[in-house]
Every structure is written in structure tokens, then in C-alpha cells.
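The values are calculated or read from the model by the stated rules, or taken from the named source; none is laboratory data. Computed from a predicted structure; not experimentally measured. Heads up, the Cβs are rebuilt from the backbone with ideal geometry, glycines too, and the neighbour counts pull from every protein chain shown. Please note that ligands, DNA and RNA were not included when accessible areas were found on the heavy atoms of the full protein model with its side chains. Shrake-Rupley method; radii C 1.70, N 1.55, O 1.52, S 1.80 Å.
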Amino acid sequence: MILDEKEKFRHFAELVRDVLVPLLKVHTFSEKEAISEIIEQGLKQIEMNDYKLVVLLNKTPKSNKKRNRIAVFKLIVSVTGATFWIEVYEKGMKLFQAKVIEEIANPHAFSLYFGTSRWESDDVFTIHSKVRNWNARVDVLNGVFCNTNVHNNATKSTELC
């Protein structure tokens, strides 16, 4: 049986209400009702965010040399998995968006994929991870995204346009 996001969240919320709230009420010095209210506000916020947490990564946004473009790296975590996105903006307008990695089993392991990032020129942005032999290159001018994984001296490349 496969549960959708709402059903998974409902089970999560029940667990929080049945286990976490009573523990916090016993082991904190705050008012008992305040703890329940804070937990309920947090659960409502999760629902309002469509059951997703969006985090900006690696000291982003990063500006190019002319400072007219910004690259943003996002990690989006939901009950179904995690995805890593790169987005490039110019004067507040999104020029480019690409999904780099999808369904990472453990979001904390994501740091292994992410390495150094920099603008090579005003139109080309690169990411390089020595730990996982992983590279990504975004050519904003041509709208090209290249993702290269290197394993045992074999190169596997994926291009999205």
C-alpha cells in the first residue's frame, strides 16, 4: 500500500501529538497549553508549505562577476524524497531552472554531492564535488544544463536543454 503525502503527514502528525507533545509537557517548564499550540502551529505551517521544506544551500545566492545574475541552490525535502535544484535569476526574473539530483535517500548525505561552486564567466556557472566525482555546469545564455558523474574513470553525462 502506497500512501500519499497527506496520508503520510497525517500519520506523522498523530505521532507528534501522541508521543512528542506528552514528552515535552513532562520535561519542560513551559505552560502545558503553550507547547500544544506551538506544535499545532508548526504542523499547520508544514501543511501550508505543501508538505515540503525548502532550504537554500552552500552560501547562496551567489552573484556573477557583473553582479547582474544570481545562482540559487535549493534542497526541497518532502515526505516522498529530496531534490536539489539550481535556479538562475537576472533582475528578479528566473532565467533558468533545472533539477540536479532527485530522491536522495538521506538528506544529510546530500552534503557529499555538493562541492565547490563558482561563476566561470557571466553566463556559465559550475559545481564540482571531488568527494562524489560529480560535476554540473549551467550555461545560462544557451539554456544548457550538463550533469556529469565520473565513476571508475568512466564518464556519464546528461544534458538538459
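I'd like to know if the range 68-89 contains one or more residues that are acidic (Asp, Glu) and either farther than 19 Å from Ile127 by Cα or touching an Asp or Glu at 6+ places or on another chain (Cβ under 9 Å) (or both). Checking the range 68-89: not a single residue is acidic (Asp, Glu) and either farther than 19 Å from Ile127 by Cα or touching an Asp or Glu at 6+ places or on another chain (Cβ under 9 Å) (or both).
You will find that of Val150, Val88, Val54, the residue that is open to solvent by less than 50 Å² (accessible area, probe 1.4 Å) and modelled with pLDDT of 75 or more is Val88 and no other.
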